Every structure is written in structure tokens, then in C-alpha cells.
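The values are calculated or read from the model by the stated rules, or taken from the named source; none is laboratory data. Being a predicted model, the structure only gives us computed values, none of them experimental. Quick reminder, even Gly has a Cβ in these numbers, built from the backbone with ideal geometry, and neighbours come from all protein chains shown. Areas reflect the complete protein model, heavy atoms only, side chains present, ligands, DNA and RNA absent. Shrake-Rupley method; radii C 1.70, N 1.55, O 1.52, S 1.80 Å.
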Amino acid sequence: MHKLTLKELSAQLQARKISAAELATLFLDRIDASDLNAFLHVDRDLTLAQAKAADARLAGNDAGPLTGTPIAHKDIFVTRGWRTTAGSRMLENYVSPFDATVVERFNAAGAVTLGKVNCDEFAMGSGNENSFYGPVKNPWDKAAVPGGSSGGSAAAVAARLAPAATATDTGGSIRQPASLCGVTGIKPTYGSVSRFGMIAFASSLDQGGPIAKTAEDCGLLLNAMTGFDERDSTSLERPKEDFNRSLNDGVQGLRIGVPKEFFGAGLAADVEQAVRAALAEFEKLGATLVEISLPKTELSIPVYYVIAPAEASSNLSRFDGVRYGHRAADYKDLADMYKKSRAEGFGEEVKRRILVGSYVLSHGYYDAYYLQAQKIRRLIAQDFRNALEGPNRQCDVIMGPVAPTVAWDLGDKTNDPVANYLADIFTLSTSLAGLPGMSIPCGFGQGDKNGKRPVGLQIIGNYFDEARLLNVAHQFQQATDWHLREPA
Ligand code: GLN
């Protein structure tokens, strides 16, 4: 049962082959038996109460496609009744008085919360090693990182501890852990998913999305999570759509842009091989490959690591030990209390970003760094528009690797922030442009170890082209079985 997709579980529930309570218990038992450190907070009573309510809806024919289906929430979405830590000591015992819009929508759909999953502190990281609550292990190889920042979400789905999980992507945190854990994830167009109650990292980049086994499941989840929310000032007002409406369209004639900048030095041979094999599979299905150029790709790292810390330094100023968060036990005066509380509450990477962010926003440096980064951000978006828009557009979707390597070993990059930043090279540009992007499993590599570690294929589309991305991914998943492979 735990191997089934969300779609299949939903059918089992609707046909009363299993109850929501039984299903929740099955996954809770798996979570209890797991040693991946994927879950930070589990509460059987809360979960089973939700499951019983779902069973009542199922019995009363008041059920939708997600009623009774279990889901895990990244610990960056605030939840009433469950602790929300954002992976930080700062929020160690924080319980929100309200639910994030995303959580509210899943609750309204009758989904059953299995618990809160681990993540990098305030979603800053690429390996999930920046969590105050310890790293998550990659289910494919427990010596490896699961990717970050949504490492708990990806590991939970890969290890079949949950059929689906919420996640957030600021510079790659849905796609990269999905890639490293061999599961499917999509970051929708910026503004599609409400940021209300999603603890803010970099507000102009943060975007929620789902991680699941299949593209079809991701579509079901997007159907529930997207939509206008007046409590998020950058939420988009668009008509409701069914993201799975074109799943079964063929890909004959699809023009796939293959950016040459995504295949240069720095891309590991094993990753390149798996990605090229996936592209060949698409050709077999009738698509054509077109070489394109996204010349500003390499600037996305410096640009992102100016803009994201700048926004983070502003967003994180609210954690002062007064209104929210950890407060130091001993202090001399008010200023000393702020200093000590923040020094104790935040981890090293978060502090590094607050310092970088404050620096690039400060008088005299704002023009040189922040403003300049914003200008280049515009050019990065223009690269994509040239490829995907207008009468001279070159392709319908763009494909390439998600990450330059397979998962690395826990500890390998812990003391090297720049090595972590470089792991984001292929995901950052999409985030800076606000475009939708997804990761689907497409093979395995070895890295420099003997392990078998998953490789993800990245699919990027134009604004609001999520249905097409899911269609293209679904066609690949009908023709291959990488998404069904499971860790031992
Ligand atoms: N790895 C990137 C960072 O550390 C992206 C994280 C994210 O998308 N939340 O900022």
C-alpha cells in the first residue's frame, strides 16, 4: 500500500478498500521505524483525528480527490497545533496560532497531515545539513545528503514514509532534493502558491510546491495548493485551472531547448549521461532537440547570493526574542538581549546571510551590489524569454540537469559554503526569472563513491506552463520506470 501513488491511494480510499485512519497508521508506523531524521514533529492523535474526519467525509460522499490521502508538510509552513521550527533553534518550541494558506487548503481538501518534515534552517542550504535538528539522510544511501533545503520532504517521499509532501523553492529547494532523492517535484510560476504562513526567506523568490512520486500526483497537489490569496501581496489572480488537463497529450513535435551552458565543465559525467539518455528518450517519443543558449546562466550564482541574503536579512529581523523566537537567558540590557538571542538562535549559515545581506543593502554598497544584481536578474529572465516567447521562440520547454552532481556525502561540503552555492547553478536562474521548473527521476549515477544515487532531469517552461511541464513529465513516466524505483 505504501508503494502506491497518491492517485492510486485516492482510488483505494474512494472504493473503501482502506480507511483514511488505516492508511495514516500505516505511514505513521513506517515513520516510527525510520532512521532518516526526515520528520521533526509527529503527533498520532492529531493525525488520526484528521483521518477520522476524512473517513466521515468519505462515508458521506463529501470527498474530493485528496480526502483521506496522507501528506507531510515542510516545517517552514506554519501549522496550528503542530510545532513549526523552520529548522531553526530560533523557533524551537513555536506553535503558530494559524495555518499557512497551503496547509489550510490541504486541510479543507481533507488531506491528512502525517507531520512536519525537516529542512535547512530557514530554507537556506543545498544539503539539509543546516538544520538545527540534524541532517536528513538520503534513503538511497544513508551516507549521502538528501539535498536541500526541502531534504525532509524529498527523503520522506523517496523512503515511502509519505506519498506526498509540501516543499518550498527559493533557488532550487524543490527540484534539487527531488533530483538527489529520485522523486518528482515542481516549483510553479512565482505567485501561484500563496506565501502566507510560509516562513519567509527571500520573498521575491520563495515559492511553494509539491514533491511526490509522479507528475500526475504533483498535478493533483497543485490543483489543491494554488490560487489567489488576498493575504499574500504577490499572489496572482488567475482563473482556477486543472493542472492535469493535458497529461495524456503526446509529445510529437515538442521542441526541447537544450541550453549549452547547462552541459559545460562542472557537470559530472554520470549526470550528463543520464540526462542525455532522457533527452534521447524524448526524441524516441517524437520530440526534437534544439540547442539554445542562456548566456547569463553563470551570473545566477552571484546574483542570487546577493538578492536572497538581502531579502533574508530584512525578513529575519523580526526574530528578535521579543515578538518571536528564542530569548537568551542572561543579558545586561535591551541591546544585549537582542544580540545574545540572535547569536544563540541562528545557525552559522543564517548569520552569514544576514551579514552579507546587510552589507549589500548598506549605504555605499547598495548601488554596487544590490541594484546591480537586480539589473542582471532582469537579463537572466530575458535569456529565457528569448528562448520561450514571441514569434522567434526557439523551443516549447527547456531541459537539462537539475544539479551538477549526484548526492554528495554527509559532511563533505559542510565547511564550504561556496561549494554548496555552486550546487545550485542550474536551478537558480529559473527562480530568479520566476519561471516554473520541475525535476523528474531519470537515472542513477555513482558520484565518486560506489553508491547508486539518483539523477533528476530538469524541465523548465514559460510562465504558467505548469500543465505542459506535467504533461511532458507524465509522458516520460509512461515510457520509463525511473520514478517507480525504490531505495532498498
Ligand atoms: N540552496 C539555495 C540556498 O541555499 C536554495 C535554497 C532554497 O531554494 N530554499 O539558498
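Taking every DSSP bridge with both residues inside the chain, close to 70 percent are antiparallel.
Computed over the chain, the quotient of the alpha carbon radius of gyration and 2.2 N^0.38 Å is 0.92. Remark: segment 439-488 projects, on average over all directions, an area of 4.2 nm² (convex hull of Cα atoms).
Debye-formula intensities of segment 205-329, expressed as log10 I(q)/I(0) at q = 0.19, 0.20 Å⁻¹, are -1.27, -1.26 (one equal scatterer per alpha-carbon, no solvent).
Express the accessible area of the chain per residue in Å², computed with a 1.4 Å probe while the remaining protein chains stay in the model.
Details: 18020 Å² over 488 residues.
I get 37 Å² per residue for this part.
In terms of its alpha-carbon gyration tensor, segment 258-300 comes out oblate; a/c meets the 1.5 threshold, while b/c is at least as large as a/b.
Binning the alpha carbon pair distances of segment 348-488 at 5 angstrom intervals from zero yields the distribution 2, 8, 13, 16, 16, 15, 13, 10, 5, 2, 0, 0, expressed in whole percent.
Using the Cβ atoms and a cut-off under 12 Å, what net charge is assigned to the surroundings of Ser246, where Lys and Arg are +1 and Asp and Glu are -1? Spell out each step's value before the answer.
Working: positive: Arg245, Arg468; negative: Glu216, Glu241, Asp242, Asp249, Asp465, Glu466.
Charge balance near Ser246 sits at -4.
Report note on the peptides 297-305, 314-322: ranked by the mean count of other C-beta atoms within 10 Å, highest first, their order is 297-305, 314-322.
At 37 °C and 0.692 mPa s, grab the translational diffusion coefficient of segment 280-335 from Stokes-Einstein with a Kirkwood Rh over Cα pairs, rounded to a whole number in µm² per second. Write down the numbers at each step before the final one.
Details: Rh = 16.5 Å.
Here the translational diffusion coefficient equals 200 µm²/s.
Within the shell defined by Cβ-Cβ distances under 12 Å, the residues around Asn130 carry a net charge of 0, with Lys and Arg each +1 and Asp and Glu each -1. Sorted on the mean count of surrounding Cβ atoms within 10 Å across their residues, most packed first, peptides 147-157, 420-430, 25-35 read 147-157, 420-430, 25-35.
In the P(r) worked out for segment 1-123, what percent of Cα pairs fall beyond 19 Å? Of all Cα-Cα pairs in segment 1-123, 46 percent lie more than 19 Å apart.
Cβ neighbours within 10 Å, averaged per peptide: list 191-197, 112-118 in order, most packed at the top. List each step's numbers first, then the result.
Values: 191-197: 23.7, 112-118: 28.9.
Packing order, densest peptide first, comes out as 112-118, 191-197.
Ignoring ligands, DNA and RNA, please state the percent of accessible area on the chain from carbon and sulfur, probe 1.4 Å.
Values: 9160 of 18020 Å².
Reported share for carbon and sulfur atoms: 51 percent.
Convex hull volume of the Cα atoms of segment 135-258, normalised per residue: 134 Å³.
For segment 341-402, the percent of C-alpha pairs falling in each 10 Å distance bin, counted from 0 to the bin holding the largest distance, reads 18, 26, 24, 23, 8, 1. The distance linking segment 280-323 with segment 172-240 is 14 Å (Cα centroid to Cα centroid, whole angstrom).
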